[in-house]
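I have placed the structure first, in the form of structure tokens, so that the comments after it can refer back to it.
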Amino acid sequence: MQRPAWAPRSIDISVPSVSRIYDYYLGGSHNFEVDREAARKAMEFMPGLPKIMQANRAFMRRAVGYAVDEGITQFLDIGSGIPTFGNAHEVAQAADPGARVVYVDHDPVAVAHSQAVLAGTEGADVVAGDLLKPRETLASPEVEGLIDLNRPVALLLVAILHFVEDADDPYRAVAELRDALAPGSLLVVTHASYEGVPLPQERAEGAVDVYRDIRNPLIMRSREQVARFFEGYDMVEPGLVPMPNWRPDTAPEDEDPYAFSGFAGVGRAA
């Protein structure tokens, strides 16, 4: 397999990447056949996976717009993935040119692409970081250079928490981030769940098994388990709901049934 110029030498391009699989679902071009093969295997069980990812992106854009409307112009997007059209900084800076965004990802491909996309962009940067190491991320030069932690921040954890196993205690990491952010900060979350998937759970489990096989387990949590991430936050209306139901721009009944898989919500720190 020939390595394209955009793929860092440090990565193994023979191993599927969650970020590149996500890019494929969204119609991107920064993925390899090994990623597409894994995606197609998962879609044999859940053919609506691209619709779920599109709903994730659409919710993120609405949540960023809501944050700016609420006067928040600082964004920390952890697990940001490979940049695609309608990134957080594009939405935020279209609403407020002074908005600042730092993307965080542990995938070298996602970081390299973000650096290329953001070259020459004022008010946006990317850092290689791990959700499970909040202090390191917050102390990075990139975050310290753009984000004032004494003022409210919108923390985006979109389609990332379901890749963190319970053994790694994602609740602790989210609580550490909450405690480091100023009152009035927002937590923006989407999370996979068997709830809302328009398939029998046994069939949906086939797609989950594909992610387990590529050593990126997909943890399907219940609504109650997802709600725990919002401890210490007041939920913004309409609460924790399927993605198309969160402050929709268009009629939710027009959405594909797969778009209602999992949950989305925004909370405000007291």
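The values are calculated or read from the model by the stated rules, or taken from the named source; none is laboratory data. Keep in mind that this is a model prediction, so the values were computed, not measured. Ideal geometry is used to build each Cβ from the backbone, glycine not excepted, and the neighbour counts take in all protein chains shown. Only protein heavy atoms, including side chains, enter the accessible area calculation; ligands, DNA and RNA are left aside. Shrake-Rupley method; radii C 1.70, N 1.55, O 1.52, S 1.80 Å.
Annotations
- Any hit, the stretch 3-23, residues being modelled with pLDDT of 95 or more, closer than 24 Å to Leu240 by Cβ and in a helix (DSSP H, G or I): no
- Val266 vs. criteria aliphatic (A, V, I, L, M), farther than 22 Å from Gly65 by Cα, at pLDDT 95 or above and buried (at least 21 other Cβ atoms within 10 Å of the Cβ): no
- Restricting Gly81, Gly28, Gly71, Gly86 to those that are under 29 Å from Leu146 (Cα atoms), outside any helix (DSSP H, G or I) and open to solvent by 50 Å² or more (accessible area, probe 1.4 Å) reduces the list to Gly71.
- Taking the stretch 109-119 as the range and being farther than 17 Å from Leu156 by Cβ and either of a type in the set (Gly, Ala, Ser) or open to solvent by 60 Å² or more (accessible area, probe 1.4 Å) (or both) as the test, the residues that pass are Ala112, Gln115, Ala116, Ala119.
- The residue pairs whose first member lies in the stretch 32-48 and is farther than 12 Å from Val210 by Cα and aromatic (Phe, Trp, Tyr), whose second member is assigned to a loop (DSSP other than H, G, I, E, B) and open to solvent by less than 30 Å² (accessible area, probe 1.4 Å), and whose beta carbons are closer than 6 Å, counting only pairs six or more residues apart or on different chains, are Phe32/Ile13.
- Condition met for Glu122 (open to solvent by 20 Å² or more (accessible area, probe 1.4 Å), of a type outside the set (Phe, Trp, Tyr) and assigned to a helix (DSSP H, G or I)): no
- Of residues in the stretch 209-238 being open to solvent by less than 20 Å² (accessible area, probe 1.4 Å) and within 18 Å of the chain's Cα centre (by Cα), the one farthest from Ala39 (Cα to Cα): Phe230
- Matching residues in the stretch 37-68 - criterion: being in a loop (DSSP other than H, G, I, E, B) and either of a type in the set (S, T, N, Q) or open to solvent by less than 30 Å² (accessible area, probe 1.4 Å) (or both): Met46, Gly48
- Residues in the stretch 240-259 that are open to solvent by less than 50 Å² (accessible area, probe 1.4 Å) and within 28 Å of Phe45 (Cβ to Cβ): 9 in all.
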